[in-house]
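Step one of this worksheet: look at the structure below.
Please treat every number below as a calculation from the coordinates, not as lab data. Quick caveat: nothing in here was measured; it's all calculated off a predicted structure. With ideal geometry, Cβ positions are generated from the backbone for all residues, glycine too; neighbour counts draw on all protein chains shown.
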Amino acid sequence: MMIGSKNDGAQGIKAPAEVCPLCDGTGWKTVAAGPKTGSINDRRVTRCDCQQRARAQSLLAAARIPRRYEHCELSNFEFDGPRRSLTPARMAACRFVEEYPLNKIGLLFVGKAGRGKTHLSVGIAKSLIREKGVDCVFYDYADLLKQIQDSYNPSVQATELGLLQPVFRTEVLVLDDLGSVRPTEWRWDTVRLILNTRYKENLTTIITTNFADEPAAGAVDPDSSKASESFATARAAARQDTLGDRIGETMRSRLHEMCRTITLDSTDFRQEVRSADVRHRLQQ
């Protein structure tokens with residue numbers, strides 16, 4: 001007697017689905033509720049580890065972390081040797097994960113390009129997802145604005161409201177490279193809408209920016225009366241844009257209510273990598 005159908009050889013035999021030994025596939029496990037007394041009443045049920053891992057995988061897939069940053073973890077952030085000055089920033093990132101959600105104040109990472117701001121932000125998001133099951137979403141500031149602008153095109157299926165819903169509602173938002181595009185009234189209105197909405201809903205926002213956390217050029221300078229008009233004009237012409245210039249003083253002030261500022265001051269890590277690569281090629 002022949003067992004199975006004629007297609008068994010082509011399709012192969014499916015292995016049985018692996019069943020979690022802790023919960024026997026139910027999704028719940030029994031744990032001790034307190035000191036052991038031998039009573040069945042001293043035990044309770046809780047979500048099994050397999051369910052927590054499945055949720056973490058689902059949240060990571062939905063977090064929109066770019067492929068370039070998929071390797072970023074708090075554990076592999078370099079803060080020794082010539083990058084010792086980044087130790088306080090890494091400690092602040094780890095402490096943020098430990099204290100969340102008891103402390104939901106966000107973080108504003110400030111520093112020039114290549115200092116590790118995005119690495120820390122992504123590392124925080126991934127740690128919150130894996131360790132605490134927190135819903136986190138990553139958005140690049142310029143890319144988000146471009147998507148919103150594109151949504152005004154009638155041929156595009158996405159809508160502005162549809163694009164902004166996850167930005168408004170996610171428990172922890174990582175907004176990368178704030179101020180990376182030159183300001184316009186529309187861009188100011190958009191960032192104002194995003195930050196104010198999250199502020200009112202008491203949601204946590206982690207932000208990175210390459211611009212110094214300083215006032216805009218038009219802001220009142222307490223020392224301006226002490227400088228000559230020509231010197232003040234020359235200084236204004238030579239100065240680099242600040243965060244106040246890029247998002248406006250009102251929103252910069254709001255950020256200070258929403259986030260704790262962490263300044264990263266070190267050499268450009270990406271430039272170090274490029275220089276090392278060039279030296280390696282020359283030695284070959």
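For segment 63-149, the list of GluC sites (Glu not before Pro) that fall in a loop by DSSP and count at most 16 other C-beta atoms within 10 angstrom reads Glu70, Glu73, Glu78. For the pair Thr30 and Ala62, label points projected 7 Å from Cα toward Cβ lie 3.3 nm apart.
Ranked for footprinting exposure by Cβ neighbours inside 10 Å, fewest first, Ser121, Ser253 give Ser253, Ser121. Computing FRET efficiency as 1/(1 + (r/R0)^6) for Asn153 and Glu249, where r is the C-beta to C-beta distance and R0 is 45 Å, gives about 0.90. Pairs from the table (Lys104/Lys132; Lys112/Lys132; Lys117/Lys146) lying more than 24 angstrom apart at Cα are Lys112/Lys132.
Quick one: order Thr197, Thr118 by neighbouring beta-carbon count within 10 Å, fewest to most.
Taking fewest neighbouring Cβ atoms as first place, the list is Thr197, Thr118.
In this simple spin-label approximation, Asp49 and Trp188 carry label points 7 Å from Cα along the Cα→Cβ vector, and these lie 5.4 nm apart. Between rounded, prolate and oblate, where does segment 39-171 land on the alpha carbon gyration tensor, with a ≥ b ≥ c its root eigenvalues, rounded for a/c under 1.5, else prolate if a/b exceeds b/c? Judged from the Cα gyration tensor, segment 39-171 comes out oblate (a/c at least 1.5, b/c at or above a/b). Each residue, Lys146 and Ile105, gets one label point 7 Å from its Cα in the Cβ direction; the gap between the two is 3.5 nm.
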